[in-house]
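The values are calculated or read from the model by the stated rules, or taken from the named source; none is laboratory data. Please read all numbers here as calculations on a predicted model, not as lab measurements. Heads up, the Cβs are rebuilt from the backbone with ideal geometry, glycines too, and the neighbour counts pull from every protein chain shown. Protein only, heavy atoms only, side chains kept; ligands, DNA and RNA dropped before computing areas. Shrake-Rupley method; radii C 1.70, N 1.55, O 1.52, S 1.80 Å.
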Amino acid sequence: MHVQFEKSEMDSSEPISVSTAATTVGSSLMSTNENENVNEIQEEGGQQPQGMGSGNALSTTSAVEKMKLDRSNTIVIPEDVIVGRSTEKQKVINSVGQPNDNTSSLKVISVWGMGGIGKTTLVRTVYRSQQLGGWKRAWATALRPFSPDALLRNLCLQLLIGIQEDSMAGGDTQKKKNVGTMGFQDMIIELSQLLEKQKCLIVLDDLSSNQEWDSIKDYLAKARRVILTTREKTVAKHCSGDDGNMHCLNGLEDDAAFELFKKKVFKDARSFDLHPGMLDQANLILKKCDGLPLAISTIGGYLANKPKTAMEWRKLNEGLSAELEINPELKMIKTVLMRSYDGLPYGLKSSFLYLSIFPEDHIIQRKRVVRRWIAEGYSREMQHMAAEQVAGKQFDELLDRSMILPLEARTPGSIDSCQLHDLIREICVSKAREDNLVFTLEEGCSLGGVQGAIRHLAISSNWKRDKEVMQRMLDLSHIRSLTVFGEWRSFFICSKMRFVRVLDLEDTVGLRDHHLGRIGELLHLRYLSLRGCRSIFELPDSFANLRQLQTLDIRGTLIWRLPVGVTKLQKLQYLHASGCSYLGLFRDDKFGDDIFRDDIFSTYRHFIPVEYDMRYRRLILQAREMYRSQWLEHHTPCVCCVYALSACNLLRAMGHLVWRPQRLEHHMERTRTHVLEEAVSRHDICNLHCYFTTYDAESHKLYGIKVPRGISKLKALHTLRDINVAWGNAAIQELGELTQLRKLGVVGVIRTNNGKFWPAIAEHNQLRSLSVDFEGSSSPYVESLDDCLGGNLMPPKCLESLKMRGMLIKVTEWVHWLQNLSKLQLQYTQLNQEALEAIGKLPNLVVLRLSWRSILRSKLCFPGPSFPSILVLELSYILELLEFERNATPNLEVLVLQGTVWCNSRLREVSGLEFLTSLKEIRLDSDRAKELVQSKLAEYSNNVTIKML
């Protein structure tokens, strides 16, 4: 079945991780907006309604935090454009019924049919349908080998997240339970309680045998509804029992198939010329596809990039005839997809096969893969195109050919991430293995077929971490990239890996500071990602050896300063850092230790007993003597070590707990304390307490990152985010020399230093994206960011994206300068109506996001005429009155009113919606706001869709 992609501005989540055999997706669809990674055509067993990465350990609390904080990667299927499935969809909805039905026993609804027929797509649209009311929902796809433990654990995690998010939205700050570390029986008890207390709708995608259902059905007995998909009628009968709860999907009718074909071939064209010769060939193609949506979509996507002539279509028909008429099942679909692969240009095939590195159902971030392609040499600078532009063009071409499936970003029209369709990935993995391009160490993998050197090695989260297998049975001497999903082991890097260019450890579990020493030996390294490794505090001095490094991504770590040696990395182009972006949570003890996965800081922060406080103070006085004597024999001390030695010594005195972390749980008398897999080293403890010291004394400086003197030497730097200028004016002065920057993020900008900051970057004509934040300063108040702007001092003129977090008092004097600005995000800016009207005159502003305290008053009026180009307007703060005057925002397509429910509950009036003639969608997160908006829309004829976040 065909699905037209809809651009979504919803607050949706990022991948949470999965384990060996089950990938899961978010829970409460109606209370929190679903992430629905929707494929144009869905093969059963691959995708879910919510974005999931499958490479991390199950007990990934930080990944859960990602799911809460980052809800930008999503696609939604418009219910009214699904081709040929409206009847089947309504039948399944009727079978599910409403949560307030009197039936309390379990009802199992099965959807069955051949592979590629669209079972998962149909169930997905049912799963997200608002007709189903307030079911608590969870979705799991059965991967192979099947694991009941993993599948049930993921369902439990989803339901728990949804319920706890609802509770926290209502003011309940109960601690989260770490489902990943529970014993099996405890997890089953927790799941049973959740199913009993809530009215739950569970989806099990791609069950393949009666035995799989029998192994889990008893644990789901208290669920009200279960929908499952399967390819086998016998499985559907076994699970549902009643024929009335079984739904068989057949191929599309001729008219629906032809409509899907046209949508794929001609994309969004409003008119097209389909002369008789082409029509005849189209009918032949559809006859061969025999109503299979996957085949129709794939061939249509392939033809969309070919000359639209009868001769071209005839050539395709002649080449595919024999294959498409042999068998209408999965083998035929794979054959069709193989033809799509064969149609790729030679240079694009390697880029496509490279994607087999990522696990099934993994959300592949566009920037991540683009920069990896560049580091690998798959995308090179050519003529007047930079390497990043070439890589971006390759990504777009794979999208256009339906070889990868797009996931919409918050901004309409942009695609920030993608997924590989399950069947396409099978081809991708097979061809990459055949060419010795990519090899994945995973459960059940066979080493017998490995011939010669491996170029790209991926380590799956379900592999058993066998050192002998990795180092003795694999030829690692020619490896160009190493990608790790799940748990880290120190033997993953060895002396044989001399030519590694890409080391991607994003969201790796168990990585510690002392593991990073060997990375400095990878002299050819071009791409390094430690993103999401929450127990990394410092980069070693050996990083100065990485002279070829182009990309360094340390976002989501606790790294708060860069070593001096970074200034020697003359080829560094992209430096992404965040410092501690979750300090607000750390300051509040009620969140407990499970708030982040694998977070050594949270674990040990509560470790020091109160009775040691006086001893702690005495040890501070002894630090100088220790510094002069024995410590120098073993370590080169950092600036903070002198002060932190006392804390280190304290932990050493309690060594029976530090060096044997398994006893930590007993000491803390907590049943859910995270236990480290490996003992931390003294080096880790030292770095940890350097962080402790700064946290206690100057926690504001842990926002962003401290850069060393000499950062201005990095003339190749394109992206620098986010640096903290509260450490001193030296960093600001050096920013003035980095005139080649295109993206810059700065925190710690306040009244006392903005007079130096703005002049330093005023002439940065290459700068396209700028983020300025007062957070990170020592000021307890919201600071003014722009009191020095105006007159002869203006922001960089060519900015296209601007994010300001802090008070703005002179907007009217400088905003007119930014004629190229297309995205603007404001928070704590406290704008008045005059400032808003000045912003409204910007000719190219497409996206405007007004967050907490961005406007002084609770009444917001958009005067006319204003905001001529805006497409997306997002309001996330307390708002009582919202008004649009005639000719205001004439091109607005998406209006988002979000925030906490209690904020939107104060919305009393929305007027002027009738003037928004281009409005397509309104997204809300409270029922009261929905009722108000619906009543206003009912007053005039419109095609506006309301969606709940």
If we scan the stretch 128-146, do we find a residue that is assigned to a helix (DSSP H, G or I), within 23 Å of Gly241 (Cβ to Cβ) and open to solvent by 10 Å² or more (accessible area, probe 1.4 Å)? no
Looking only at the stretch 507-550, and only at residues there that are open to solvent by less than 30 Å² (accessible area, probe 1.4 Å) and of a type in the set (S, T, N, Q), the one that is farthest from the chain's Cα centre (by Cα): Ser535
Scan the stretch 871-892 and report the pairs whose first residue is in contact (Cβ under 8 Å) with a residue 60 or more places away in the chain and whose second residue is surrounded by fewer than 16 Cβ atoms within 10 Å (Cβ to Cβ), with Cβ atoms within less than 7 Å and a gap of 6+ or a chain change. Leu871/Asn891
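What's the total number of residues in the stretch 102-127 that are in a strand (DSSP E or B) and either out of contact with any Lys or Arg (no Cβ under 6 Å at 6 or more places or on another chain) or closer than 14 Å to Asp205 by Cα (or both)?
Start the filter on the stretch 102-127 by keeping residues that are in a strand (DSSP E or B), which leaves 107-112.
This time we only want the ones that are either out of contact with any Lys or Arg (no Cβ under 6 Å at 6 or more places or on another chain) or closer than 14 Å to Asp205 by Cα (or both), so: 108-112.
Residues meeting the conditions: 5.
So, Glu837, is that one in contact (Cβ under 8 Å) with a residue 24 or more places away in the chain, farther than 20 Å from Met807 by Cα and surrounded by fewer than 19 Cβ atoms within 10 Å (Cβ to Cβ) or not? It would help to see each step written out before you state the result.
Values: in contact (Cβ under 8 Å) with a residue 24 or more places away in the chain: yes; farther than 20 Å from Met807 by Cα: no; surrounded by fewer than 19 Cβ atoms within 10 Å (Cβ to Cβ): yes.
Spelling it out, it is not the case that Glu837 is in contact (Cβ under 8 Å) with a residue 24 or more places away in the chain, farther than 20 Å from Met807 by Cα and surrounded by fewer than 19 Cβ atoms within 10 Å (Cβ to Cβ).
Does the stretch 490-506 hold any residues that are assigned to a loop (DSSP other than H, G, I, E, B), out of contact with any Ser or Thr (no Cβ under 7 Å at 6 or more places or on another chain) and open to solvent by 60 Å² or more (accessible area, probe 1.4 Å), and which are they? Please lay out each step first, then the result.
Going residue by residue through the stretch 490-506, those that are assigned to a loop (DSSP other than H, G, I, E, B) are 493-501, 505-506.
Still in the running and out of contact with any Ser or Thr (no Cβ under 7 Å at 6 or more places or on another chain): 493-495, 497-499.
Matches in the stretch 490-506: Ser495, Arg498, Phe499.
Restricting the search to the stretch 839-863, which residues are over 17 Å from His816 (Cβ atoms), of a type in the set (A, V, I, L, M, F, W, C) and outside any loop (DSSP other than H, G, I, E, B)? Steps first, please.
Step one: of the stretch 839-863, the residues over 17 Å from His816 (Cβ atoms) are 846-847, 849-862.
In the following step, the residues that additionally are of a type in the set (A, V, I, L, M, F, W, C) were identified as 846-847, 850, 852, 855-856, 860-862.
Residues satisfying the conditions are Val847, Leu850, Ile855, Leu860, Cys861, Phe862.
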Condition met for Ala142 (in contact with a strand residue (DSSP E or B) (Cβ under 7 Å, 6 or more places away or on another chain) and at pLDDT 90 or above): no
Residue list for the stretch 83-105, filter: hydroxyl-bearing (Ser, Thr, Tyr) and open to solvent by 20 Å² or more (accessible area, probe 1.4 Å): Ser86, Thr87, Thr103, Ser104, Ser105
Looking at the stretch 213-230 only, could you name the residues that are charged (D, E, K, R) and surrounded by fewer than 21 Cβ atoms within 10 Å (Cβ to Cβ)? Asp214, Lys217, Asp218, Lys222
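Of everything in the stretch 275-293, what is out of contact with any His (no Cβ under 7 Å at 6 or more places or on another chain) and at pLDDT 80 or above? Give them in sequence order. Write out each step before concluding.
Our first condition is that a residue be out of contact with any His (no Cβ under 7 Å at 6 or more places or on another chain); within the stretch 275-293, this holds for 275-292.
Selection gives His275, Pro276, Gly277, Met278, Leu279, Asp280, Gln281, Ala282, Asn283, Leu284, Ile285, Leu286.
Look through Leu252, Leu228 and report the one residue that is modelled with pLDDT of 90 or more, outside any helix (DSSP H, G or I) and touching a Leu at 6+ places or on another chain (Cβ under 8 Å). Break it down stepwise before answering.
Working: Leu252 fails: modelled with pLDDT of 90 or more.
Going through Leu252, Leu228 in turn, just one is modelled with pLDDT of 90 or more, outside any helix (DSSP H, G or I) and touching a Leu at 6+ places or on another chain (Cβ under 8 Å): Leu228.
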Give the residues of the stretch 231-249 that are more than 17 Å from Ser209 (Cα to Cα) and either β-branched (Val, Ile, Thr) or open to solvent by less than 20 Å² (accessible area, probe 1.4 Å) (or both), sorted by residue number. Leu249
Is one or more of the residues making up the stretch 512-531 in contact with a Ser or Thr (Cβ under 7 Å, 6 or more places away or on another chain), of a type in the set (D, E, K, R) and not in a loop (DSSP other than H, G, I, E, B)? no
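Kindly provide the set of residues from the stretch 113-125 that are more than 18 Å from Leu220 (Cβ to Cβ) and open to solvent by less than 10 Å² (accessible area, probe 1.4 Å), ordered by number. First the steps, then the outcome.
Narrowing the stretch 113-125 to residues more than 18 Å from Leu220 (Cβ to Cβ): 113-122, 124-125.
Gly113, Gly115, Gly116, Ile117, Gly118, Lys119, Thr120, Thr121, Leu122, Arg124, Thr125 - these are the residues of the stretch 113-125 that are more than 18 Å from Leu220 (Cβ to Cβ) and open to solvent by less than 10 Å² (accessible area, probe 1.4 Å).
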